[in-house]
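K.L.:
Take this structure first; my questions come after.
Throughout, read-outs are computed from the coordinates displayed, never taken from laboratory work. All of these numbers come straight from a predicted model, not from anything done at the bench. Note that each Cβ is placed from the backbone with ideal geometry, even for glycine, and that neighbours are counted across all protein chains shown.
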Amino acid sequence: NAGVTQTPKFQVLKTGQSMTLQCAQDMNHNSMYWYRQDPGMGLRLIYYSASEGTTDKGEVPNGYNVSRLNKREFSLRLESAAPSQTSVYFCASSEDGRNTIYFGEGSWLTVV
Amino acid sequence: QKEVEQDPGPLSVPEGAIVSLNCTYSNSAFQYFMWYRQYSRKGPELLMYTYSSGNKEDGRFTAQVDKSSKYISLFIRDSQPSDSATYLCAMTRSSSNTGKLIFGQGTTLQVKP
């Protein structure tokens, strides 16, 4: 049971490049999330998906798009990367009606 | 002003010490409170979960919530070097907000042998 799996773990991008962070969970959870973590800011919600086919903005959605491909997979896309998007990105999932969420290992992204 | 404030530390204590980690918050609607532990270069993992005011104990860990003061605490007794990590408080308004948590900045703890 792998839990929440993210790829890639590390990535360096040039300003203006695009990329997609992939996330998959094997816990049969309906809800999935993308957070970013920055020094002194804690974790902030970018986007979430309450179920397959639905997505909603979180606290910091600008510059990102998401796709809930199926129940297992939730991807995060940076269309035109900016240095301000240098961060650690965490995918997470949760069961319906439960406030316990499970995080992946993180993806370290640097935009130069 | 951030909705949740947490002293980032770092906090350094000797092995065996009692550790107190704290968060304050401004939104009185928060009812569900959590503590996450995050080891270096890993994802956060849930440590404690509390609903409304009161205490909850789990082994060496005790979580306290004082809604009247908008203040939550995590106590670690007999701290061990393996407790060295960043501790994040998190909270939300209702169970329907699952996963849409508001996090504190995290406190880095180092327990020295």
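K.L.:
For A:Lys9, give me every one of the aspartates and glutamates with a C-alpha distance below 12 angstrom, ignoring sequence neighbours fewer than eight places off in its own chain.
P.N.:
Cross-link targets: A:Glu105.
K.L.:
Explain nothing, just the number: dipole magnitude of chain B about its Cα centre with +1 on each Lys and Arg Cβ and -1 on each Asp and Glu Cβ, in debye rounded to the nearest 20.
P.N.:
Numbers: 12 positive and 10 negative charges, 55 e Å.
With only Lys, Arg, Asp and Glu charged at Cβ, the dipole is about 260 debye.
K.L.:
Can you give the Rg to Rh ratio of the range B:59-110, both from alpha-carbon atoms, with Rh computed by the Kirkwood formula?
P.N.:
Working: Rg = 13.0 Å, Rh = 12.8 Å.
Across the range B:59-110, the Cα-based Rg/Rh ratio is 1.02.
K.L.:
Can you list the chymotrypsin sites (Phe, Trp or Tyr not before Pro) in the range A:37-112 that are in a DSSP coil and have 12 or fewer other beta carbons within 10 angstrom?
P.N.:
On the way: sites: A:Tyr47, A:Tyr48, A:Tyr64, A:Phe74, A:Tyr89, A:Phe90, A:Tyr102, A:Phe103, A:Trp108; in loops: none.
Answer by residue number: there is no such site.
K.L.:
What is the dipole size for chain A, taken about its Cα centre, with +1 at each Lys and Arg Cβ and -1 at each Asp and Glu Cβ, in debye to the nearest 20? Each step should come with its number before you reach the end.
P.N.:
Values: 10 positive and 10 negative charges, 44 e Å.
It works out to roughly 220 debye.
K.L.:
Tell me which trypsin sites (Lys or Arg not before Pro) from the range A:1-83 have a DSSP coil assignment and no more than 13 other beta carbons within 10 Å of their own. If you can, show how the numbers build up before the last one.
P.N.:
Numbers: sites: A:Lys9, A:Lys14, A:Arg36, A:Arg44, A:Lys57, A:Arg68, A:Lys71, A:Arg72, A:Arg77; in loops: A:Lys9, A:Lys14, A:Lys71, A:Arg72.
Taking the range A:1-83 and a limit of 13 other Cβ atoms within 10 Å, the loop trypsin sites (Lys or Arg not before Pro) found are A:Lys9, A:Lys14.
K.L.:
Can I ask one more? What lysines does B:Lys2 reach when the alpha-carbon gap must be under 29 Å and sequence neighbours fewer than 8 apart in one chain are set aside?
P.N.:
A:Lys57, B:Lys42, B:Lys56, B:Lys67, B:Lys70, B:Lys100
K.L.:
To the nearest 0.05, how large is the calculated FRET efficiency for B:Lys67 and A:Arg77 if R₀ is 41 Å and r is the Cβ-Cβ distance?
P.N.:
Numbers: r = 39 Å, r/R0 = 0.96.
Once the sixth-power term is evaluated, E becomes 0.55.
K.L.:
Using only the Cα atoms, what convex hull volume per residue in Å³ does the protein assembly as shown have? Before the final figure, lay out the partial values.
P.N.:
Values: hull volume 27.6 nm³, N = 225.
Hull volume normalised by residue count: 123 Å³.
K.L.:
Over chain B, what portion of Cα pair distances is larger than 25 Å, expressed as a whole percent? It would help to have the intermediate numbers written out before the result.
P.N.:
On the way: 1030 of 6328 pairs.
Value for chain B (Cα pairs over 25 Å): 16 percent.
K.L.:
For the range A:60-77, take each phi angle, set θ = phi - 60°, evaluate the Karplus expression 6.51 cos²θ - 1.76 cosθ + 1.60, and give the result in whole Hz per residue in order, putting x for glycine and proline.
P.N.:
Computed from phi, the couplings for the range A:60-77 are 10, x, 4, x, 10, 10, 10, 9, 9, 5, 6, 5, 7, 10, 9, 9, 10, 10 Hz.
K.L.:
Mean 1/r over all different Cα pairs, inverted: what Kirkwood radius does the range A:19-112 give, in Å? All intermediate terms of the calculation are to be shown ahead of the outcome.
P.N.:
Details: mean 1/r = 0.0754 Å⁻¹.
For the range A:19-112, inverting the mean 1/r across all distinct Cα pairs yields 13.3 Å.
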